[in-house]
Amino acid sequence: MIDKLTDAQKAKIPEYVEQYKRIGLSTEPCNRALAEKAVGDSYEYLKLKRPTFMWCDSPQAGAKLAAQLAKGSDEVSDEEIQAQKQLASFGSFEAYWVAFYAFIAEQLPVEKDNLIDIVKEIVQNAGVYWTFEDVVVMTEKPVKIHMRDDKLHNPNGLAIEYKDGTGVFYLDGVRYPSLLAMEVEKASKK
């Protein structure tokens, strides 16, 4: 049992924080081949058949496609799309917790298998995605992420923006449903 980190192990923690923060905030396009390989490897790890992949430019488009696949129909409601957003895996945005397990697997004397390597490849190469029995809906990473003081922030538009123009609005780390709602909030603080 490990009950204490060595000074050398403690010194490595900031390196992991920075490395995985960069991964989580990356706006580089996904490496689709590596993303598909990693997610496919996760299926094989679970002893499932390797899936096929469908790509979308944003989580909004991915949630719609996931809702269509789940329903088996092109006609889906906003509620069904919203429900799929709750079922997504968040790819590179999950780098924060992968950092913790990567540190344990790589810096501590523990037994490990290849799952951590698979998960590291997923967060490095994939955006938001949805898994089904035989298909995975994958999305690209954002093209822009705006921050201030380590919080999502853009007073003039989307704080996280995707290739297709969709995204989310944030001011000082607080999410808003629209630019109008953000403007109302800013005006009320004056």
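The values are calculated or read from the model by the stated rules, or taken from the named source; none is laboratory data. The structure presented is a predicted model; accordingly, all values stated were derived computationally and were not measured. Backbone-built Cβ (ideal geometry, glycine too); neighbour counts: all protein chains shown. Keep in mind that these areas ignore ligands, DNA and RNA; they rest on the heavy atoms of the full protein, side chains included. Shrake-Rupley method; radii C 1.70, N 1.55, O 1.52, S 1.80 Å.
Which members of the range 166-190 meet the condition of being touching a residue at least 12 places away in the same chain (Cβ under 8 Å) and among the small types (Gly, Ala, Ser)?
Answer for the range 166-190, where residues must be touching a residue at least 12 places away in the same chain (Cβ under 8 Å) and among the small types (Gly, Ala, Ser): GLY167, GLY173, ALA181.
Quick one: which strands (runs of 3 or more DSSP E) sit completely within the range 126-182 and have at least 1 residues that are under 23 Å from THR52 (Cα atoms)?
In the range 126-182, 129-131, 135-139 are the strands (runs of 3 or more DSSP E) which contain 1 or more residues that are under 23 Å from THR52 (Cα atoms).
Any residue in the range 44-54 that is more than 26 Å from LYS144 (Cα to Cα) and open to solvent by less than 40 Å² (accessible area, probe 1.4 Å)?
So far as the range 44-54 goes, yes, one or more of its residues are more than 26 Å from LYS144 (Cα to Cα) and open to solvent by less than 40 Å² (accessible area, probe 1.4 Å).
Consider ALA88 carefully, then state whether it is open to solvent by 50 Å² or more (accessible area, probe 1.4 Å), touching a helix residue (DSSP H, G or I) at 6+ places or on another chain (Cβ under 8 Å) and of a type in the set (Gly, Ala, Ser). Steps first, please.
Details: open to solvent by 50 Å² or more (accessible area, probe 1.4 Å): no; touching a helix residue (DSSP H, G or I) at 6+ places or on another chain (Cβ under 8 Å): yes; of a type in the set (Gly, Ala, Ser): yes.
No, not satisfied.
Looking at the range 101-112, which of its residues are in a helix (DSSP H, G or I) and in contact (Cβ under 8 Å) with a residue 40 or more places away in the chain?
Selection gives ALA102, PHE103, GLN107.
Just checking, which of ILE160, ILE122 is open to solvent by less than 60 Å² (accessible area, probe 1.4 Å) and farther than 25 Å from LYS47 by Cα?
ILE160
What helices (runs of 4 or more DSSP H) completely inside the range 1-97 contain at least 3 residues that are over 30 Å from LEU152 (Cα atoms), among the small types (Gly, Ala, Ser) and free of Cβ contacts under 8 Å to residues at least 60 places away in the same chain? Quick ask: steps written out before the conclusion?
Details: elements: 7-24, 32-45, 59-71, 78-86.
Because the criterion is at least 3 residues that are over 30 Å from LEU152 (Cα atoms), among the small types (Gly, Ala, Ser) and free of Cβ contacts under 8 Å to residues at least 60 places away in the same chain, no helices (runs of 4 or more DSSP H) in the range 1-97 meet it.
Does ASP117 meet the test of being at pLDDT 95 or above, of a type outside the set (S, T, N, Q) and assigned to a loop (DSSP other than H, G, I, E, B)?
no
Among the residues of the range 156-190, write down those that are touching a Gly at 6+ places or on another chain (Cβ under 7 Å) and farther than 17 Å from LEU25 by Cα.
Within the range 156-190, LEU179 is the sole residue that qualifies.
Which number in (1) more than 18 Å from THR131 (Cα to Cα); (2) surrounded by 16 or more Cβ atoms within 10 Å (Cβ to Cβ) marks the one condition that LYS4 misses?
Failed condition: (2).
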